[in-house]
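Trainee: Provided herewith is a single structure, encoded as structure tokens, for subsequent inquiry.
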Amino acid sequence: MQITKTKWFLPLFAVALGAIVFVAQWIGGDPHSGLVSFAILAGAGLLLLLGGRSETIRGLRGDERDERSRMIDTHATALAGVAVILAIIVAFIVELAKGRSGNPYGWLGAIGGVTYLVAIVVFRIRG
């Protein structure tokens with residue numbers, strides 16, 4: 001069994017991310033906000049760990065992956081990607097309208113676009 005498929009991976013990842021964000025905010029001079037960020041992410045991790053009776057949470061954690069949950073995950077990931085790319089495009093245009101260069105949104109959009117094109121080619125070749 002892969003480590004990412006256990007019920008422990010996502011909760012521990014959330015806590016680790018919370019610790020990293022805390023340290024980053026502490027270094028940035030705002031340890032109070034770092035504690036808030038850590039509490040939010042650790043709380044989400046705890047919810048994911050203890051919510052194992054929920055099919056939705058088991059699907060999020062990855063410890064109960066069937067064809068239906070994989071399809072739901074793929075569609076949710078695609079929708080999230082579209083939302084982020086749309087936000088990047090809007091932010092890029094707003095920055096241009098303000099007379100600025102559009103960066104970092106231009107670079108983020110380019111990364112998304114190139115990744116999409118490469119994925120299309122790779123998936124077409126693989127069949």
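Trainee: Of the heavy-atom accessible surface of the chain (probe 1.4 angstrom), what whole percent is carbon and sulfur? All intermediate terms of the calculation are to be shown ahead of the outcome.
Mentor: Working: 6890 of 9530 Å².
Here it works out to 72 percent.
Trainee: Which net charge results when you count Lys and Arg as +1 and Asp and Glu as -1 among the other residues whose beta-carbon is under 11 Å from that of residue 7? Working shown, then result.
Mentor: Numbers: positive: 5, 58, 61; negative: 63, 64.
Charge balance in the 11 Å sphere: +1.
Trainee: Rounded, prolate or oblate: which fits segment 19-100 when a ≥ b ≥ c are the square roots of the eigenvalues of the alpha-carbon gyration tensor, with rounded for a/c under 1.5 and prolate only if a/b beats b/c? Could you put the intermediate results ahead of the total?
Mentor: Working: a/c = 4.16, a/b = 1.20, b/c = 3.47.
Judged from the Cα gyration tensor, segment 19-100 comes out oblate (a/c at least 1.5, b/c at or above a/b).
Trainee: Tell me the volume per residue, in Å³, of the convex hull enclosing the alpha carbons of segment 61-127.
Mentor: In segment 61-127, the Cα hull volume divided by residue count equals 100 Å³.
Trainee: Highest GNM mean-square fluctuation, the chain, Cα pairs closer than 10 Å: which of 42, 97, 19?
Mentor: Of 42, 97, 19, the most mobile in the Gaussian network model is 97.
Trainee: Rounded to the nearest 500 deg cm²/dmol, what is the calculated helix-only ellipticity per residue at 222 nm for the chain, with -39500 (n - 2.57) per DSSP H run of length n ≥ 4? Write out the running numbers ahead of the final one.
Mentor: On the way: 5 runs with 99 residues, N = 127.
Per the formula, -27000 deg cm²/dmol.
Trainee: Right, another one. Which value, in debye to the nearest 20, gives the size of the charge dipole of the chain about its Cα centre, when Lys and Arg are +1 and Asp and Glu are -1 at the Cβ?
Mentor: Around 260 debye, computed over the chain.
Trainee: Report residue 3's accessible area, 1.4 Å probe, all protein chains in place, as a number in Å² to the nearest 10.
Mentor: Ignoring ligands and nucleic acids, residue 3 comes out at about 120 Å².
Trainee: Further question on the same structure: Each residue of segment 32-43 in order: what ³J(HN,Hα) in whole Hz does its phi give by Karplus 6.51 cos²θ - 1.76 cosθ + 1.60, θ = phi - 60°, with x for Gly and Pro?
Mentor: Here the 3J(HN,Hα) series is 5, 5, x, 5, 4, 4, 4, 4, 5, 6, 5, x Hz.
Trainee: Would you be so kind as to identify which of 13, 85, 25 lies farthest towards the positive end of the dipole of the chain, taking Lys and Arg as +1 and Asp and Glu as -1 on Cβ and the Cα centre as origin?
Mentor: Positive-most Cα among the choices belongs to 85.
The values are calculated or read from the model by the stated rules, or taken from the named source; none is laboratory data. Please read all numbers here as calculations on a predicted model, not as lab measurements. All Cβ positions, even for glycine, are placed from backbone atoms using ideal geometry, and neighbour counts span all protein chains on display. Remember, those area values only see protein heavy atoms, side chains included, never the ligands or the DNA or RNA. Shrake-Rupley method; radii C 1.70, N 1.55, O 1.52, S 1.80 Å.
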